[in-house]
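Chemist: Here it is: the structure, laid out below.
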Amino acid sequence: MARRATLKDVAERAKVSTATVSYVLNDKKSISEQTKTRVYDAIRELNYVPDLNARSLSSRDSKLIGIVVPQTEPGSKLMLQNDFYSEIVGSIEYYARQRGYHVIISATDVNESYLTLATERNLDGIIVIGMYPDDFYRQMKKTQIPIVLIDSYCNDHYYHSIRIDDAYGSYLATNHVIGCGHKKIAFFCGQIKENGVIKKRLYGYQQALEEAGILYDPSLVYEGKVDYDSGIELARKLCKGKDDVTAVVATADILAIGAMKGFYEQGVSVPQDISIVGFDDLEISKYLTPGLTTVRQEISQKGEKAVELLLDNIQDSDMTKREIIIPVSLSCRESVRDMRKEE
């Protein structure tokens with residue numbers, strides 16, 4: 001079997017350096033037309049096939065999109081534990097593939113630089129899911145490629161943004177349980193970060209309480225991780241300390257589902273003893289018994305719109321910043337007890 005031609009082989013045939021061949025392939029520097037012709041002739045003569053790191057010969061496009069999923073909870077494998085990430089990443093991959101692009105997924109720690117991967121793989125664009133520290137966004141701008149943020153409240157005008165109104169979603173959930181006669185309502189959430197998604201959802205919870213004339217009690221805010229096990233643990237904590245709570249608003253379905261398991265283990269029945277509302281409307285939420293009442297966000301649509309926005313910017317490098325806010329709604333099932341019917 002003939003040996004596959006390498007970048008070095010092309011350089012030797014064209015009588016240039018390997019760096020020059022790389023520059024020609026990636027259109028990185030101003031190279032004379034005569035040199036380009038020698039490189040392209042060598043490529044054809046050797047049947048050289050660039051690897052995925054190289055850009056195509058006819059354009060600047062690598063047809064590669066990066067997806068960043070931050071490990072917002074240290075040590076947690078969020079992509080595996082939370083179906084939200086599976087659904088949104090699956091949507092991005094599908095719609096990117098429909099447009100002729102492939103994706104590279106990085107479940108990266110918040111302190112890990114993404115610049116090296118973006119540069120080495122010549123990514124055409126990046127979709128970042130979730131929140132990162134401010135320094136991460138400052139560093140990401142150095143890539144000088146189109147970037148779309150999903151579920152971020154970063155105010156830098158360099159980035160396009162796809163999100164929902166998180167405060168309003170949490171407001172809908174809290175207002176629903178208040179409307180069903182509940183007054184002592186706990187709030188289960190992940191780590192609260194300034195100007196983050198959880199902070200916005202906490203605000204919506206507080207706003208609904210205030211409008212109903214219910215005093216906000218910080219001791220009813222149970223902060224953990226956004227995963228199943230944390231939901232179990234938060235339910236145990238509530239059962240040990242707050243026996244007058246009749247409802248829980250959770251900031252994610254996976255947290256709510258864990259809480260339902262935790263209440264079950266403590267002999268507390270949902271919704272007879274305690275009601276619960278989630279957030280996301282994951283597919284599994286309707287298969288539970290009782291079915292989980294939850295805030296519905298169009299997760300797949302977020303992925304679709306992110307790809308659409310990113311590719312628009314790849315085609316038009318002068319495109320100005322765009323922000324898309326996708327509506328939310330309430331999916332009512334059986335996990336909330338209507339106490340008004342018992343008065």
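The values are calculated or read from the model by the stated rules, or taken from the named source; none is laboratory data. Quick caveat, the model's predicted, so the values are computed rather than measured. Cβ sites come from the backbone with ideal geometry, for glycine too, and all protein chains shown count toward neighbours. Heads up: the accessible areas ignore ligands, DNA and RNA and are worked out on the full protein's heavy atoms, side chains in. Shrake-Rupley method; radii C 1.70, N 1.55, O 1.52, S 1.80 Å.
Residues checked against (1) under 23 Å from T246 (Cβ atoms); (2) not in a loop (DSSP other than H, G, I, E, B):
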| site | (1), (2) |
| --- | --- |
| G278 | yes, yes |
| S285 | yes, yes |
| T289 | yes, no |
| T294 | yes, yes |
| K305 | no, yes |
| L310 | no, yes |
| I324 | no, yes |
| V336 | yes, no |
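Chemist: Could you list, in sequence order, the residues of the stretch 148-162 that are assigned to a strand (DSSP E or B) and of a type in the set (S, T, N, Q)?
Modeler: Scanning the stretch 148-162 gives a single hit, S161.
Chemist: Take the conditions part of a helix (DSSP H, G or I), open to solvent by less than 10 Å² (accessible area, probe 1.4 Å), in contact with a Phe, Trp or Tyr (Cβ under 8 Å, 6 or more places away or on another chain) and not hydroxyl-bearing (S, T, Y) and apply them to A208. Does it pass?
Modeler: Yes, satisfied.
Chemist: Determine which single condition K321 fails, assuming it passes every other condition in (1) within 29 Å of I214 (Cα to Cα); (2) at pLDDT below 95; (3) of a type in the set (K, R).
Modeler: K321 satisfies every listed condition except (1).
Chemist: Is the stretch 175-198 home to any residue that is free of Cβ contacts under 8 Å to residues at least 24 places away in the same chain and of a type in the set (A, V, I, L, M)?
Modeler: No.
Chemist: Given (1) small (G, A, S); (2) at pLDDT below 90; (3) over 31 Å from the mean Cα position of the chain (by Cα), where does S76 come up short, assuming only one miss?
Modeler: For S76, the exception is condition (3).
Chemist: Hey, another quick one. Please go through the stretch 173-197 and give me each residue that is touching a Cys at 6+ places or on another chain (Cβ under 9 Å) and modelled with pLDDT under 95, ordered by number.
Modeler: Listed by number, the list holds a single entry, N195.
Chemist: Considering each residue of the stretch 228-260, count those that are among the charged types (D, E, K, R) and closer than 26 Å to V328 by Cα, and give that number.
Modeler: 1
Chemist: I need a count of the residues in the stretch 224-254 that are open to solvent by less than 60 Å² (accessible area, probe 1.4 Å) and assigned to a helix (DSSP H, G or I). Break it down into steps so the answer makes sense when it comes.
Modeler: Here is the first cut: in the stretch 224-254, the ones open to solvent by less than 60 Å² (accessible area, probe 1.4 Å) are 224, 226-227, 230-232, 234-235, 238-239, 241-242, 245-254.
Next, from what is left, pick out any that are assigned to a helix (DSSP H, G or I): 230-232, 234-235, 238-239, 241, 253-254.
Total satisfying the criteria: 10.
Chemist: Could you say whether any residue in the stretch 17-29 is at pLDDT below 90, hydrophobic (A, V, I, L, M, F, W, C) and in contact with a strand residue (DSSP E or B) (Cβ under 9 Å, 6 or more places away or on another chain)?
Modeler: no
Chemist: Output the residues belonging to the stretch 173-197 that are part of a helix (DSSP H, G or I), under 22 Å from C239 (Cβ atoms) and small (G, A, S).
Modeler: A173
Chemist: While we're looking at this one, here's another question. Has the stretch 326-338 got any residue that is free of Cβ contacts under 8 Å to residues at least 40 places away in the same chain and either touching a helix residue (DSSP H, G or I) at 6+ places or on another chain (Cβ under 9 Å) or surrounded by fewer than 16 Cβ atoms within 10 Å (Cβ to Cβ) (or both)?
Modeler: There is no residue in the stretch 326-338 that is free of Cβ contacts under 8 Å to residues at least 40 places away in the same chain and either touching a helix residue (DSSP H, G or I) at 6+ places or on another chain (Cβ under 9 Å) or surrounded by fewer than 16 Cβ atoms within 10 Å (Cβ to Cβ) (or both).
Chemist: Applying the selection to the stretch 241-290, what residues are among the basic types (K, R) and under 14 Å from H182 (Cα atoms)?
Modeler: Those that are among the basic types (K, R) and under 14 Å from H182 (Cα atoms): none in the stretch 241-290.
Chemist: Another question about this same structure. Answer with yes or no whether I88 is crowded, with 17+ Cβ neighbours inside 10 Å, of a type in the set (A, V, I, L, M), in contact with a Ser or Thr (Cβ under 9 Å, 6 or more places away or on another chain) and modelled with pLDDT of 90 or more.
Modeler: Taking the combined requirement at face value, the residue satisfies it.
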